[in-house]
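The values are calculated or read from the model by the stated rules, or taken from the named source; none is laboratory data. Everything numeric in this text was worked out from a predicted model, so none of it was measured. Cβ placement follows ideal geometry from the backbone for every residue including glycine, while neighbour counts extend to all protein chains displayed.
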Amino acid sequence: MSKYSMHLLVCGGTSCHASESDAIVCNLRDELEAKGLMDSVQVIMTGCFGFCEKGPIVKVMPDNTIYVGVKPEDAQTIVEEHIIKGKKVTRLLYKDPITKESVSDSKDMGFFKKQLRVVLRNCGFINPENIDEYIARDGYQALGKVLTAMTPEEVIKEVKASGQRGRGGAGFSTGLKWELARKNQSDVKYVVCNADEGDPGAFMDRSVLEGDPHSVLEAMAICGYSIGSSNGLIYIRAEYPLAIERLKIAINQARESGLLGNNIFGTGFNFDIKLRYGAGAFVCGEETALIHSMEGLRGEPTVKPPFPAEAGYEGKPTNVNNVETFAAIPAIILKGAKWFASIGTEKSKGTKVFALAGKINNVGLIEVPMGTTLREVIFEIGGGIRNGKKFKGIQTGGPSGGCLSEKHLDIPIDFDNLIAAGSIMGSGAMIILDEDDCMVSMAKFFLQFTVEESCGKCAPCRIGNKRLHELLGQICEGKGSLKDLDRLKNMSLVIKDTALCGLGQTSPNPVLSMMENYYDEYVAHVTDKKCPAGQCKSLMEYVINPENCVGCTACARVCPVNAISGQRKEIHHINPSICIKCGACMEKCKFDAIFIR
Amino acid sequence: MSKITSLADLKKKREELQSGFGIRVKAIDPENVVQVKVAMATCGIASGAKAIMEFFMEQLERRNVAAFVTQTGCMGYCYAEPTIEVKLPGQDPVVFGFVDLKRADQIIEKYIKTGELVDGIIPVNYQTIDLKE
């Protein structure tokens, strides 16, 4: 086997890289060479440990020792003390903030326990196209337990006691929803899985369906037993071809194994699942619109009541839950409501999956207990802001959510705290914005999405959002006034109060929260006609600094519209009436002579 | 596929599967071969995971390494796609990110054949639950 008896893993993540982890690697290698250990100890650069706050990190294998805040000059000590003498370098060990004791084994460090995978327990671990792997990971045991040892009422009681709230965004109690669906008597009832994930930046549900489809099927059957239904439907958007493919395979395998179909586990309980495809309309994530779409009607919401639990799909009692909500159910049944309720905050139990996107180093899918702070998510798990830029804001909940600023970084994430801060949990998309993002353009971007996705049924959403979008466009072009800011706010509040469904009621959230948290930036756009982030093209001007310009003509040659004039070796000039603000000249200039005013 | 007709049946099947995890390999003992899992969610595939998976399947056989290659879902490291997990017999699994053909070749020649680590390791930074009652 390996000629190496020891490995030194040095974090090469972006932020450790910035704090000289390269030099650490070099010094370690030099030191090992000097001591003649190059053949038995290997130095390796790794991806981000996600512990950036304490970086750079060096991990010694096989004994799992983690050194934090390592400096290039510490290389000698690590080699001489740890590797040669076998003594741990205490001063470089992580100190537990509570016990003040040094922790050396990474497995004992609280930090590495920040992420807890409940919903994602099998994602990236099993082969999603093989039911056997799911069964080996205790798959379908929860369904077995429910069918053989629990009454439907007991199951509902357990789910209620777990405190789980719907992960689609609204945060309604899952157990209560099931109870309502159970109470309504009917010959036929439906269990619907809402897999119409549509927020920009969200990919939680897709990842669960692609990575662990059986967990959703099992949970739907458990729900069917609880509410008295034998029909399951999954509403999934056609843009998710791989998730659809894997679901089809999973459903077939479950049927062949007798885990879906008639007389499951010989208990007389029947349950089967069919797929329904959506065409990718955002509004169809709203449960009444979703049901209409499944019925072959236009995807338009209707006023509740009647709730789907009373009259849903084809007028029958229907229970609609989100993918992530379902995926946690088998774990709740097997490990118990008490266990689930022990995770999270007072009113939001369990874990939440988040999709990290935008200007963050570790773009990815994470799962943390409710109550984790935004700071932990962004700066520890997410590895901080890309390219060493400054954090500006985080949009949670997609286009229906709000943008939170620096002052909100330490609030524990849960349904109620996010609402109190002016945003929402939503389905779990998190878009991280840095100092280069303009908050007016960003609000306009989200509004653009809502305008395109509005079903057009109610006036506040159809007309109001369009007007909001226009106003934001004018502000971006420098044609806004202070009065427009008041109009923006008033109109937003009216839309919120009067729109028919969740889409319209939440669509002004980005505008309201961004105006609340970044009011100065809005004012700068309308009074100074400036975009502080340098994003709004109409509000900026490319200018040549005569002190730096040497007259090399590079800018004039690259300009696509010939807006730059000037003789060789003479100072050049940009004609603002011709300039299209493409930025090509600035990129080309080697003398930093072009700047934005 | 045989039908599972009772909870006892399911438990029996689980024990069988867990004792051998014999699902992935029919003929060889899984504990004694190299296991390679390729993250194959839409995002992984879009960044080239399919080609990587094919490369491992083809090359491991050609280079006479007793191994099996399987697909799995998203590991969550979107920033480092394609990602793969390699488990050598008797050792903890190691996740590698940014796996292109060059690195895939290194992983086979260095890590799989000699146990020597290569760049691009992604440290595990989460814990997962065990559903055991």
>> I need the full set of residues from segment A:214-241 which are over 18 Å from A:A327 (Cβ atoms) and surrounded by fewer than 23 Cβ atoms within 10 Å (Cβ to Cβ), in order please.
In response: A:G228, A:S230, A:N231, A:A238, A:E239, A:P241
>> Being under 22 Å from A:D437 (Cβ atoms), more than 10 Å from chain B (Cβ to nearest Cβ) and crowded, with 23+ Cβ neighbours inside 10 Å is the filter here; which residues of segment A:360-376 pass it?
In response: A:L374
> So, of the residues in segment A:393-406 that are over 13 Å from A:S427 (Cβ atoms) and touching a residue at least 60 places away in the same chain (Cβ under 8 Å), which turns out to be surrounded by the most Cβ atoms within 10 Å (Cβ to Cβ)?
Replying inline: A:C403
>> Give me the residue from segment A:319-353 that is buried (at least 24 other Cβ atoms within 10 Å of the Cβ) and among the aromatic types (F, W, Y) and, out of that set, farthest from A:A181 (Cα to Cα).
In response: A:F340
>> When you check A:E197 against the structure, is it buried (at least 20 other Cβ atoms within 10 Å of the Cβ) and within 20 Å of A:Y240 (Cα to Cα), yes or no?
In response: yes
> Among the residues of segment A:314-352, how many are touching an Asp or Glu at 6+ places or on another chain (Cβ under 9 Å), within 16 Å of A:D196 (Cα to Cα) and not charged (D, E, K, R)?
Replying inline: 5
> Under the condition of being over 27 Å from the mean Cα position of the chain (by Cα) and in a helix (DSSP H, G or I), which residue from segment A:179-206 is farthest from A:G364 (Cα to Cα)?
Replying inline: A:K183
>> I'm trying to understand the selection: among the residues of segment A:453-473, which are among the basic types (K, R) and either closer than 20 Å to A:K529 by Cβ or assigned to a loop (DSSP other than H, G, I, E, B) (or both)?
In response: A:K457
>> Quick check on this structure: which one of A:K183, A:K160 is closer than 20 Å to A:N231 by Cα and surrounded by fewer than 23 Cβ atoms within 10 Å (Cβ to Cβ)?
In response: A:K183
> From the list A:K390, A:K444, which one is under 27 Å from A:T527 (Cβ atoms), out of contact with any Cys (no Cβ under 9 Å at 6 or more places or on another chain), basic (K, R) and in contact (Cβ under 8 Å) with a residue 24 or more places away in the chain?
Replying inline: A:K390
> Of all residues in segment B:77-91, which are out of contact with any helix residue (DSSP H, G or I) (no Cβ under 8 Å at 6 or more places or on another chain) and surrounded by 21 or more Cβ atoms within 10 Å (Cβ to Cβ)?
Replying inline: B:Y77, B:Y79, B:A80
> What helices (runs of 4 or more DSSP H), lying completely within segment A:474-590, carry at least 1 residues that are under 21 Å from A:Q448 (Cβ atoms)?
Replying inline: A:482-498, A:502-506, A:509-517, A:519-523
>> Every residue in segment A:30-77 that is more than 24 Å from B:T114 (Cβ to Cβ), buried (at least 20 other Cβ atoms within 10 Å of the Cβ), in contact with a strand residue (DSSP E or B) (Cβ under 7 Å, 6 or more places away or on another chain) and more than 11 Å from chain B (Cβ to nearest Cβ), please.
In response: A:G55, A:P56, A:Y67, A:V68, A:V70
>> For segment B:70-91, which positions are at pLDDT 90 or above and more than 10 Å from chain A (Cβ to nearest Cβ)?
In response: B:P82, B:I84, B:V86, B:K87
> Of all residues in segment B:92-127 being surrounded by fewer than 17 Cβ atoms within 10 Å (Cβ to Cβ) and under 30 Å from A:A327 (Cβ atoms), which is modelled with the highest pLDDT?
Replying inline: B:F98
> In this structure, does A:I578 turn out to be among the aliphatic types (A, V, I, L, M), surrounded by 18 or more Cβ atoms within 10 Å (Cβ to Cβ) and not assigned by TED's automatic domain parsing to the domain that holds A:F282?
Replying inline: no
>> Being within 17 Å of A:K145 (Cα to Cα), among the aromatic types (F, W, Y) and either in contact (Cβ under 8 Å) with a residue 24 or more places away in the chain or in a helix (DSSP H, G or I) (or both) is the requirement here; does A:Y225 meet it?
In response: yes
> Which one of these is of a type in the set (K, R) and more than 14 Å from chain B (Cβ to nearest Cβ): A:R255, A:R237, A:R182?
Replying inline: A:R182
> Does A:V283 qualify as being more than 14 Å from chain B (Cβ to nearest Cβ), surrounded by 24 or more Cβ atoms within 10 Å (Cβ to Cβ) and of a type outside the set (S, T, N, Q)?
Replying inline: yes
> Taking A:I249, is it within 13 Å of chain B (Cβ to nearest Cβ), outside any loop (DSSP other than H, G, I, E, B) and not acidic (D, E)?
Replying inline: yes
>> I'm checking my understanding of the structure. Among residues of segment A:479-536 that are over 18 Å from A:S405 (Cβ atoms) and among the basic types (K, R), which one is surrounded by the fewest Cβ atoms within 10 Å (Cβ to Cβ)?
In response: A:K483
